[in-house]
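Since the structure comes first, as structure tokens, the remarks are kept for the end.
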Ligand SMILES: [Mn+2]
């Protein structure tokens with residue numbers, strides 16, 4: 001049942017206590033999920049199974065999931081496309097969703113209680129209970145604290161799923177969010193049974209050939225602007241067809257743009273044209289933190305983190321690129 005009280009901030013202990021008593025749960029993550037989003041779903045669904053709580057996962061959208069995360073238990077069984085209808089006793093847990101819009105889940109929200117677990121600073125607190133910690137290196141780090149607070153058993157499978165969110169959202173323990181806490185958590189997860197080298201091979205050394213072919217297409221469109229500070233590239237429908245790639249293969253390609261010497265902001269655009277309608281999905285990265293890309297994304301109805309954000313536009317690639325260049329030039 002939808003909580004009668006007004007939205008509030010929950011503690012990890014409250015969420016753990018609530019989880020233990022759930023009759024049924026639906027775990028939701030954002031469209032175009034990354035390693036953190038999928039790590040959360042996998043760990044949460046596994047844990048609900050351990051606790052005997054009937055559970056289901058849901059990710060909006062139809063596009064293929066990034067193949068490097070399909071080894072995570074439960075992920076392949078997560079429901080896609082239209083949202084499931086939710087019975088009144090179901091609680092919906094949202095993970096890593098910066099906004100309700102991003103989880104594209106309005107349809108079933110009227111009925112169910114919502115728990116919002118996230119680490120995006122711009123999360124508006126859309127849940128009945130909100131557990132939002134921008135200092136957390138990943139959303140799996142917050143989920144890890146919930147599991148600890150509840151005294152729930154952390155086996156190797158659950159620990160591995162939590163670790164995948166941590167290792168990917170910290171850029172393999174290299175980004176600015178790599179705090180001492182992140183290393184302590186990694187150590188605890190390794191002690192719980194994570195095979196770090198095995199995870200590395202699954203996530204980073206199992207690249208499908210079409211993904212590399214897609215990277216080749218992105219590099220062929222690469223331009224460095226503003227005296228080397230801005231790296232931009234784009235991918236069209238044709239690029240995906242020629243590379244033999246699907247949407248999931250685009251995950252992480254922007255990391256190649258951000259690592260170019262001197263680049264302070266990177267932008268990768270994905271132009272989709274279907275039935276004459278243009279949509280451009282934009283990923284933005286700030287390498288040195290001198291420009292808050294979440295603020296840039298907010299101007300176009302998107303969101304994210306200060307150093308990793310995105311938005312979707314109804315304009316074509318060249319118009320969006322021109323806008324980004326103007327904004328970055330003004331800001332830097
Ligand atoms: Mn995340």
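The values are calculated or read from the model by the stated rules, or taken from the named source; none is laboratory data. Given the structure is predicted, the values throughout are model-derived calculations rather than measurements. No Cβ is skipped: glycine too gets one built from the backbone with ideal geometry, and neighbour counts run over all protein chains shown.
Before moving on, here are some points about what is shown:
- Boolean, residue 330 is at negative phi, assigned to a helix (DSSP H, G or I), out of contact with any helix residue (DSSP H, G or I) (no Cβ under 8 Å at 6 or more places or on another chain) and surrounded by fewer than 22 Cβ atoms within 10 Å (Cβ to Cβ): yes
- Among residues of region 74-88 that are assigned to a loop (DSSP other than H, G, I, E, B), those with a beta-carbon under 7 Å from a residue that is surrounded by fewer than 16 Cβ atoms within 10 Å (Cβ to Cβ) at least six positions away or on a different chain give the pairs 81/62; 83/107; 86/111; 88/1; 88/111.
- Failed condition for residue 114, given (1) more than 16 Å from the ligand (Cβ to nearest atom); (2) at pLDDT 95 or above: (2)
- Sole residue being surrounded by 21 or more Cβ atoms within 10 Å (Cβ to Cβ), outside the structural domain of residue 244 (by TED's automatic domain parsing) and at pLDDT 95 or above, chosen from 13, 37, 32: 37
- Subset of region 144-174 (residues that are out of contact with any helix residue (DSSP H, G or I) (no Cβ under 8 Å at 6 or more places or on another chain) and within 24 Å of residue 251 (Cα to Cα)): 174
- Residues being within 15 Å of the ligand (Cβ to nearest atom) and not in a helix (DSSP H, G or I) - total across region 134-164: 5
- Under the condition of being without any contact (Cβ under 8 Å) to a residue 60 or more places away in the chain, in a loop (DSSP other than H, G, I, E, B) and surrounded by 19 or more Cβ atoms within 10 Å (Cβ to Cβ), the residues counted in region 40-73 number 1.
- Residue ranges of helices (runs of 4 or more DSSP H) in region 165-244 with at least 1 members over 22 Å from the mean Cα position of the chain (by Cα) and assigned by TED's automatic domain parsing to the domain that holds residue 267: 209-220, 237-243
- Members of region 17-76 found to be in contact with a strand residue (DSSP E or B) (Cβ under 6 Å, 6 or more places away or on another chain) and within 16 Å of the ligand (Cβ to nearest atom), listed by number: 27, 28, 29, 33, 37, 40, 41, 44, 59
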